[in-house]
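So the structure is just underneath, and the comments pick up after that.
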Amino acid sequence: MTISCTAYDGFEISPRFRQSIEERIARLERDAAWDEAQVAHLVDGDHIRRQMRLIAMQRAEALRMRLFLDKARARLPRPLIEL
């Protein structure tokens, strides 16, 4: 017996948590852009490699968080009045 579920299969997160993740993504992308601009000022090859690895990790983490947000939806707030 196979069950086909076309309903939403993701998960819910609070709007505040979603906002904090979005802020973290923006900070990671901003830091990656700044770090990439600093590569032009570096001389040592090992330092350049480490800097490029740092940039790649920042962008990978931002992408991972974006994919997380794509699977999540914001939880609706609880009603103030009990029904």
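Overview of values
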read-out: Single residue of the stretch 65-83 satisfying the filter (outside any helix (DSSP H, G or I) and either modelled with pLDDT of 90 or more or not hydrophobic (A, V, I, L, M, F, W, C) (or both)) that is nearest to ALA37 (Cα to Cα); value: ALA72
read-out: Hits in the stretch 17-40 (condition: of a type outside the set (Phe, Trp, Tyr), open to solvent by 50 Å² or more (accessible area, probe 1.4 Å) and more than 13 Å from the chain's Cα centre (by Cα)); value: ASP31, ALA33, GLU36, ALA37, GLN38, ALA40
read-out: Filter result (in contact with a Lys or Arg (Cβ under 7 Å, 6 or more places away or on another chain) and more than 27 Å from PRO77 (Cα to Cα)) within the stretch 30-65; value: ALA32
read-out: Selection within the stretch 9-64 - in a loop (DSSP other than H, G, I, E, B) and either of a type in the set (Gly, Ala, Ser) or on the phi > 0 side of the Ramachandran plot (or both); value: GLY10, SER14
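The values are calculated or read from the model by the stated rules, or taken from the named source; none is laboratory data. Note that the structure is a prediction, hence the values are computed from the model and not measured. All Cβ positions, glycine included, derive from the backbone under ideal geometry; neighbour counts span all protein chains shown. Accessible surface areas use protein heavy atoms only, side chains included; no ligands, DNA or RNA. Shrake-Rupley method; radii C 1.70, N 1.55, O 1.52, S 1.80 Å.
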